[in-house]
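Worksheet for the structure shown next.
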Amino acid sequence: MSSDFDVIRRPTLLVVDDTPDNLMLMSNLLKDRYVVKVANNGEKALKIVRTGEPPDLILLDIMMPGLSGHEVAQQLGADPATRDIPVIFLTALASEEDETIGLGLGAADYITKPIRPAILLARVETHLNIKAAADFLRSQNDFLEQEVARRTREVAAIQDVTILAMASLAETRDNETGNHIRRTQHYMRALAGHLKHHPRFAATLDDHTIQLLFKSAPLHDIGKVGIPDRILLKPGKLTPEEFEVMKTHTTLGRDAIEHAELQLGADVTFLRLAKEIAYSHQEKWDGSGYPEGRSGDRIPVSARLMAVADVYDALISRRVYKQAMSHAEAVEVIRTGRGSHFDPDVADAFLAHADEFHEIAQRFVDTDHDLARKADGLTVAAPLL
């Protein structure tokens, strides 16, 4: 005698036929091997399939009042929840054309009446085995997709943590606050978002690149780690010689990121953008910036975006050595620098959406605690724009 556990694990078949004798015949033939459900019309069959646990296989008559077997098969195939249930047409329609139509509707098999029990049982067993294999492969694919998604999230999280750790290291030696890092990230994303449909930038600023810019932005001043304290933390104006040393933070930052990339042994897109930003964000549109004195479109797009983001934030930020400019004053500085310090189109995007940048600044505003933490026990450097 079969146990309840065996019954539960047996495959479930749904037999659909409008003739009671046929339903009884099929039930008697199948009940020793399978859990058998029956429906005497297409409407009832669909209700059974769509409520509760779906059957593992359907034996379906074609000629029935109401919905025909063809119509039932079409509805099953159109529904993602039921399209993978194998359907075997069980019918008196025996012509080659009838069989072609049935198989064309997605049926797994086509058996003509009168039924030969051994053939029917063999084909049912075959299609249940095929379904079990397909279900296993789908479950494995689902698992692999979930695992890939999990590992992708993990890699992205590691990237984010690594970038923020490196940026925080630079911050401990400079006069900026952690909120400066967050603000510049959001400024960058906002600027890029407003320029992604601009003819000059559409080929560069797709959504993926914008997200990478957001990730890369915190590393813009990573090179300040390599600047001596006597210069980095000097409270007064730098001498020309000291300023030359300070300017090397762009090259130091680029080289540090490049060294990390070489250690990975592969080109990493977000590190490429980080290198561009670190190395070139002090360049100016008219060629008067550093380290190379590049001008115009020779300056990478990422660096041109950071130039606006970094200068705006420096202007509006209060430090222990200076008062903050008002938002309106900072906007006027960007307007004045349009076409000289800044790419005109990048400056225009900022000016057209200046209120958004003000809102970002307010969302991540520095607190007195932030400033005190930076000033505590330290002599702080003069701003570097």
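The values are calculated or read from the model by the stated rules, or taken from the named source; none is laboratory data. For clarity, every value in this text was computed on a predicted model and none was experimentally measured. For neighbour counting, all protein chains shown are included, and Cβ atoms are generated from backbone atoms with ideal geometry for every residue, glycine included.
Here are a few things to note about the model shown:
- Considering region 220-311, the qualifying helices (runs of 4 or more DSSP H), each wholly inside and each with 3 or more residues that are farther than 26 Å from ASN179 by Cβ, run over 240-247, 249-264.
- Pairing residues of region 238-251 that are among the charged types (D, E, K, R) with residues that are surrounded by fewer than 17 Cβ atoms within 10 Å (Cβ to Cβ) and outside any helix (DSSP H, G or I), at Cβ distances under 8 Å and at least 6 apart in sequence or on separate chains, gives LYS247/PRO291.
Conditions (1) surrounded by 21 or more Cβ atoms within 10 Å (Cβ to Cβ); (2) at pLDDT below 95; (3) of a type in the set (D, E, K, R), marked per residue:
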{"position": "ILE181", "(1), (2), (3)": "yes, yes, no"}
{"position": "HIS194", "(1), (2), (3)": "no, no, no"}
{"position": "HIS197", "(1), (2), (3)": "no, no, no"}
{"position": "LEU205", "(1), (2), (3)": "yes, no, no"}
{"position": "ASP221", "(1), (2), (3)": "yes, yes, yes"}
{"position": "GLY226", "(1), (2), (3)": "no, yes, no"}
{"position": "ILE231", "(1), (2), (3)": "no, yes, no"}
{"position": "LEU238", "(1), (2), (3)": "no, yes, no"}
{"position": "PHE243", "(1), (2), (3)": "no, yes, no"}
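- Hits in region 190-209 - residues which are basic (Lys, Arg) and under 21 Å from LEU271 (Cα atoms): LYS196
- In region 73-92, the residues that are in contact with a Phe, Trp or Tyr (Cβ under 9 Å, 6 or more places away or on another chain) and not hydroxyl-bearing (Ser, Thr, Tyr): ALA73, ILE88, PHE89, LEU90
- Condition check for GLY52: small (Gly, Ala, Ser) and touching a helix residue (DSSP H, G or I) at 6+ places or on another chain (Cβ under 7 Å): no
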